[in-house]
Amino acid sequence: MTWTRVYRLRIGDRDFRLLEGPCGWGECSPLPGYACSASSALSAATEAAVRTWPTPVRDVVPVNALVTGSDLDPTALAGFECIKVKVGRRDIRSDISLVSAVRDMVGPSVAIRVDANGAWDETTAELVLTSMARYGIELAEQPVGDIEAMARLRRRVSVPLAADECVRSVDDARRLRSLRAADAVVLKVQPLGGMWAALNVAETAGVPALVSSMMETSVGIATGLYLAAALPELPLACGLATVGMLERDVTRLPLVPEGGVLAVRRVVPDLDLLAVVSADDRLHETES
Ligand SMILES: [Mg+2]
């Protein structure tokens, strides 16, 4: 028998539920249109509230900067050892020239990865990644949609591939491994149903794992941070430097990086800020 208290709020046009429980705070905030089931997001939030969190094996987690558009801001990229460029939303020439511009801006020693969120077909992905290889691409996240397509593409390009949206369960991770479909796996707490499930997915996938956010508040980012801190090895920067992309946060001490890393800590929201952001601030008490 345990308890959770649910705080409902809206940020922009998105619904957030923050769950408080005896073990901490969790977040349920499926992103409309994104591959994340409502039930796995709720499981993740409940787990953070009522289950012991994984034990960190490191104090800081390296994170990447994010480039989503073509207006590059050098100050936003300064201090990061890895830059992730969102691709697949424009024509391929624009994507290639954006990656070229980022490489010119950051110099040769900073890692650049691209993330297409499964937007390309195999032919396009092969063409673009072959062309981008000259800029030194660390990883291409989810260039194509499914595990089988990833496996085929991986044999035709030199750029390492990371699986993200095509892995949503341990079964998916098992198939990824058996088809040798990726060089790395991206873990997200909510779509995978929690920190412990995500650790299981990482172990099953048998490739290096990194953690990225689903554009959560600092409460959700903290669970991603603990997941990243608990991975036995973490050779790749994580996509957890995203709270600045939300209109507002739920704490006065947001999880923002310093010097390209996030210090591992928990987050307790400031209740007055929850009230401020609340368009629907019902209080629930449940027992399970
Ligand atoms: Mg991704």
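Listed values, structure above:
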{"quantity": "In segment 1-103, trypsin sites (Lys or Arg not before Pro) in a DSSP loop with at most 12 other beta-carbon atoms within 10 Å", "calculated": "R89"}
{"quantity": "Max mean-square fluctuation residue, GNM over the chain, Cα-Cα springs under 10 Å, options V250, V102, V57", "calculated": "V57"}
{"quantity": "Relative contact order of segment 53-153, defined on C-alpha pairs under 8 angstrom at six or more residues apart (%)", "calculated": "24 percent"}
{"quantity": "Expected-Rg normalisation [2.2 N^0.38 Å, Cα atoms] applied to the chain", "calculated": "0.99"}
{"quantity": "Segment 222-242 versus segment 77-112: alpha-carbon centroid distance in Å", "calculated": "22 Å"}
{"quantity": "MRE, 222 nm, helices only [DSSP H, n ≥ 4, -39500 (n - 2.57), over the chain, to nearest 500]", "calculated": "-9500 deg cm²/dmol"}
{"quantity": "Proximal charge balance of A205 [Cβ under 10 Å; K/R count +1, D/E count -1]", "calculated": "+1"}
{"quantity": "Where labels lie 7 Å past Cα in the beta-carbon direction, separation of C23 and S131 in nm", "calculated": "4.8 nm"}
{"quantity": "Nearest 10 degrees, 0 to 90: helix 38-50 Cα axis against the chain principal axis", "calculated": "60 degrees"}
{"quantity": "Listed residues L31, L273, L176, most fluctuating in the chain (Gaussian network, C-alpha, under 10 Å)", "calculated": "L273"}
{"quantity": "Calculated log₁₀ intensity ratio I(q)/I(0) where the Debye formula runs over C-alpha points of segment 1-91, q = 0.12, 0.17, 0.19, 0.20 Å⁻¹", "calculated": "-0.61, -0.98, -1.03, -1.05"}
{"quantity": "Principal-axis tilt of helix 122-132 within the chain, Cα atoms, nearest 10 degrees", "calculated": "80 degrees"}
{"quantity": "Overall form of segment 1-157 per C-alpha gyration tensor (a/c, 1.5; a/b vs b/c)", "calculated": "prolate"}
{"quantity": "Cα-centred dipole magnitude for segment 53-269, charges only on beta-carbon of K, R (+1) and D, E (-1), debye, nearest 20", "calculated": "240 debye"}
{"quantity": "0 to 90° range, to nearest 10: angle between helix 218-230 axis and the chain longest Cα axis", "calculated": "60 degrees"}
{"quantity": "Loop-exposed GluC sites (Glu not before Pro) per DSSP, neighbour cap 13 Cβ within 10 angstrom, longest uninterrupted part of the chain", "calculated": "1-232"}
{"quantity": "Counting DSSP beta bridges with both ends in segment 53-269, the antiparallel % (nearest 5)", "calculated": "15 percent"}
{"quantity": "Pairwise label distance in nanometres, Y34 with T68, each label 7 Å out on the Cα-Cβ vector", "calculated": "0.9 nm"}
{"quantity": "Förster radius 51 Å - calculated FRET efficiency between T55 and R93 (Cβ-Cβ, nearest 0.05)", "calculated": "0.60"}
{"quantity": "Those residues of segment 38-62 whose amide nitrogen sits under 13 Å from the label point placed on S169, 7 Å along Cα→Cβ", "calculated": "40"}
{"quantity": "Alpha carbon convex hull of segment 29-77, projected area averaged over orientations, nm²", "calculated": "6.0 nm²"}
{"quantity": "GNM flexibility winner over the chain from V207, V63, V144 (Cα, springs under 10 Å)", "calculated": "V207"}
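Each reported figure results from applying straightforward, stated rules to the coordinates on display, with no laboratory input. Quick caveat, the model's predicted, so the values are computed rather than measured. No Cβ is skipped: glycine too gets one built from the backbone with ideal geometry, and neighbour counts run over all protein chains shown.
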